[in-house]
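Data block below; observations after.
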Amino acid sequence: MGIRLQGKPLDMTSSGEMITEGVSLGAIQITPGGQPIILFVEQQTTGGYPKLANVIAADLASLGQLRPRDEIRFELVSMTEARALLIGQEEVLASAELFEQ
């Protein structure tokens, strides 16, 4: 359902409970203990933890290859850049399919 990350806890103090809302594949939620969870395949459809960010679609396959104790970094990208990276990835995959035929 998710990939639980460990590291220095984030200070996510809030002034009350959050209302449950929809979550997407790759959403990064912060637990009350300050540790992030990346929602992954078969994730729930709603959640009540604060969402810090979302992993871009082009990087979702890399998440599935993580092993215990692997280190990851996050980088801020614009929607335009995220879309360009996904389109580029799809073009590479499509060209690889041509060679298999």
Item to complete: With everything on Cα atoms, drop me the angle between helix 79-100 and the longest principal axis of the chain, reported from 0 to 90° to the nearest 10.
Response: 40 degrees
Response to the item:
Matching label for the computed Rg/Rh (Cα atoms, Kirkwood Rh), out of [x] 1.37; [y] 1.04; [z] 0.95, is [y]
Item to complete: Please identify, among 21, 75, 42, the residue showing maximal mean-square fluctuation in a Gaussian network model of the chain using a 10 angstrom Cα cutoff.
Response: 75
Response to the item:
Share of accessible surface on carbon and sulfur in the chain, whole %, 1.4 Å probe and ligands ignored, is 55 percent
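With a 1.4 Å probe and all protein chains left in place, how much accessible area per residue does the chain have, in Å²?
79 Å²
The values are calculated or read from the model by the stated rules, or taken from the named source; none is laboratory data. The model shown is predicted, which means the values in this text are computed figures rather than measured ones. Heads up: the accessible areas ignore ligands, DNA and RNA and are worked out on the full protein's heavy atoms, side chains in. Shrake-Rupley method; radii C 1.70, N 1.55, O 1.52, S 1.80 Å.
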